[in-house]
1. Tell me the carbon and sulfur percent of the accessible area for the stretch 279-424, rounded to whole percent, probe radius 1.4 Å.
2. By its C-alpha gyration tensor, with a ≥ b ≥ c as the square roots of the eigenvalues, how is the stretch 1-85 shaped: rounded for a/c under 1.5, else prolate for a/b larger than b/c, else oblate?
3. From the Cα gyration tensor of the stretch 187-282, with a ≥ b ≥ c the square roots of its eigenvalues, which class applies: rounded if a/c is under 1.5, or else prolate if a/b is larger than b/c, or else oblate?
4. How much accessible area per residue does the chain have, in Å², with a 1.4 Å probe?
5. Just check the stretch 80-119 against the gyration tensor rule for me: Cα atoms, a ≥ b ≥ c as the square roots of the eigenvalues, rounded for a/c under 1.5, and otherwise prolate or oblate depending on whether a/b exceeds b/c.
6. Lys and Arg at +1, Asp and Glu at -1: add these up for the other residues within a Cβ distance under 11 Å of LYS137 and post the number.
7. Which longest run of the chain has no exposed loop site in it, a site being trypsin sites (Lys or Arg not before Pro) in a DSSP loop with at most 12 other beta carbons within 10 Å, and the site itself not part of the run?
8. Enter the Cα centre distance for the pair the stretch 100-125 and the stretch 57-88, rounded to the nearest angstrom.
Amino acid sequence: MKNYQRSSALFAAAQQVIPGGVNSPVRAFKSVGGDPIFVKQAKGAYLYDEDGNRLIDYINSWGPMVLGHAYEPVVDAVIEKTKLGTSFGMPTEIETTIAELAVAMVPNIDKIRFVNSGTEACMSAVRLARGFTGKDKIIKFAGCYHGHSDAFLIQAGSGAVTFGHPNSPGVTAGTAKDTLLARYNDLDSVREIIAANTGEIACVIIEPVAGNMGCIPPRTGFLEGLRELCDTHKILLIFDEVMTGFRLAAGGVQELLGIRADIVTFGKVIGGGLPVGAFAARNEIMEYLAPLGPVYQAGTLSGNPLAMAAGLAMLTELHNKPEIFKSLEEKTKYLHQGIATTLEKHGVIHTINRLGSMISVHFAPDAVVDFESSAQGNNETFKKFFHGMLAQGIYIAPSAFETWFITDALTYADLDETIAAVNVVAQTL
């Protein structure tokens, strides 16, 4: 049994000066119980906590550590750039260099604007879509998370065509009324909303592969149908690729599945682990953005040289080593097969979703295709599974509604260790 006394003491101290003791809610372990783990350092596929435990990591800073923690080219790039100054509030050459590389890697984009987070990228993308189309309403999907901007914190009403209502205090009803909620993987729900709001919808924003209700891939034809609906009704299609961009393929889901988005947002991998977001589109859309056009967006630390250096080093590695994506997919498939075989052996009810290097284990009897079916999972079983895996030295997301992220730094020995841990834990479920 691992000892987490120091983490518990640090959490108690943090709660005195930080709301809930954390700076992002899922870290507080509210959905699984117990005290969160405080990490001291990380390298490759491993976390090392304040109590000296080594943990195999399956969240990888929620996605960006495609090549592992403290990846030397990224670390070296940041160190060297730091020596020249940390922030200027002025243009730097490296911003153009990473922009050129990103535009070359991703289909259907001509220009890209760097910001500081995925939330900021999605918020800005929606503002740009509204400014470009001259329309106010947006469609999002239940269970898809696009950051904590007011327009995205909307919960379903009584039906697919009902105006949303805010599910966080501080979000006004006025903001909520312009966000319409559809069901993921359900084109009919989108059609109903469009029919009820003819000529009023600026954009549809979606995680093309959902990661915030567990990993949920799109059904065959869903994204294609969404593209067709948007074209027919002159609605912009926004792909939130904060999780999937530069992870599932060099060009993200657009490349992987061959679906064209009008605007695409990025985060995580594009910053190499530093706080970076971005949004991108074709010229005619991006030229509506200040200072070229009337849609305002700004940020003092946008394009920060340290963040740009980390992101450039990461994208350069992925661009130059395309075999990484195949390696990631093969490791994820191996893990999937091992976990599935083990849980089946012990009679544990489950379903596993996977695409590329994203995977999630749902303790649900039926296929998980949207938020409603994801919510049917047995959360008590997940809690036992989470803490059991933690006791075995395996760190997975402390929520049943989060995907796992695979890093190429994982060895097959690490994967076998993980599957062996599942075998131990499954006997207690």
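1. Ligands and nucleic acids excluded, carbon and sulfur give 53 percent.
2. prolate
3. Verdict is prolate for the stretch 187-282.
4. Values: 17810 Å² over 429 residues.
For the chain, the solvent-accessible area averages 42 Å² per residue.
5. prolate
6. Numbers: positive: ARG130, LYS135, LYS140, LYS177; negative: ASP136, ASP178, GLU200.
Here the charged neighbours net out to +1.
7. 235-429
8. Cα centroid to Cα centroid, the span is 19 Å.
The values are calculated or read from the model by the stated rules, or taken from the named source; none is laboratory data. Quick caveat, the model's predicted, so the values are computed rather than measured. Cβ coordinates were reconstructed from backbone atoms using ideal geometry, including for glycine residues, and neighbour counts include every protein chain displayed. Just so you know, the surface numbers come from the protein's heavy atoms only, side chains and all, with ligands and any DNA or RNA stripped out. Shrake-Rupley method; radii C 1.70, N 1.55, O 1.52, S 1.80 Å.
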